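Bear in mind that the values in this text are calculations on the coordinates, not laboratory data. Here the structure is a predicted model, which is why all the values come from computation and not from measurement. Cβ: placed from backbone, ideal geometry, glycine included. Neighbour counts: every protein chain shown.
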Amino acid sequence: FSSFVRQLNFYGFRKIKNDPIRLRGDDGPDSKYWRFRHEYFLKGRPDLLSEIRKANHSQGADQEEVNALKDEVSQLKQQLGSMQANMERVTEMMQKNESGAIKESSPQHRDAAG
């Protein structure tokens, strides 16, 4: 039985939690049964069965997805670095403007200008 369960997992079937496969001849109150599901194993949809493959067949696609995500993370890090640099420049400009405005509004600066 455990070998069968391993094969189900190997093909992408997953146990549905908290729902114990009924063992033949065991209909008592303590009978246990497990249910498994797979997104491509659907009643009335034999066309989807060809999508059920061993895990090693999908590893190439999974690796492509991992690589694509790594590239995206790298691009996002670059964008973040650029945005941080821009924010620092804007902050500096605002601080310079604020300090310039303070100098212009100070009484000493007005007396000298007037």
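As a calculated quantity, the FRET efficiency between Lys77 and Tyr33 at R0 = 41 Å, using C-beta atoms, amounts to about 0.25.
Pairs of alpha carbons in region 35-94 separated by more than 19 Å make up 62% of all such pairs.
Computed FRET efficiency, Cβ-Cβ of Gln84 and Arg45, R0 35 Å: what is it to the nearest 0.05?
Values: r = 50 Å, r/R0 = 1.41.
That gives a FRET efficiency of 0.10.
Between beta-carbons, use under 11 Å as the cut-off and find the net charge around Phe10, counting Lys and Arg +1, Asp and Glu -1. Cβ neighbours under 11 Å give a net charge of +3.
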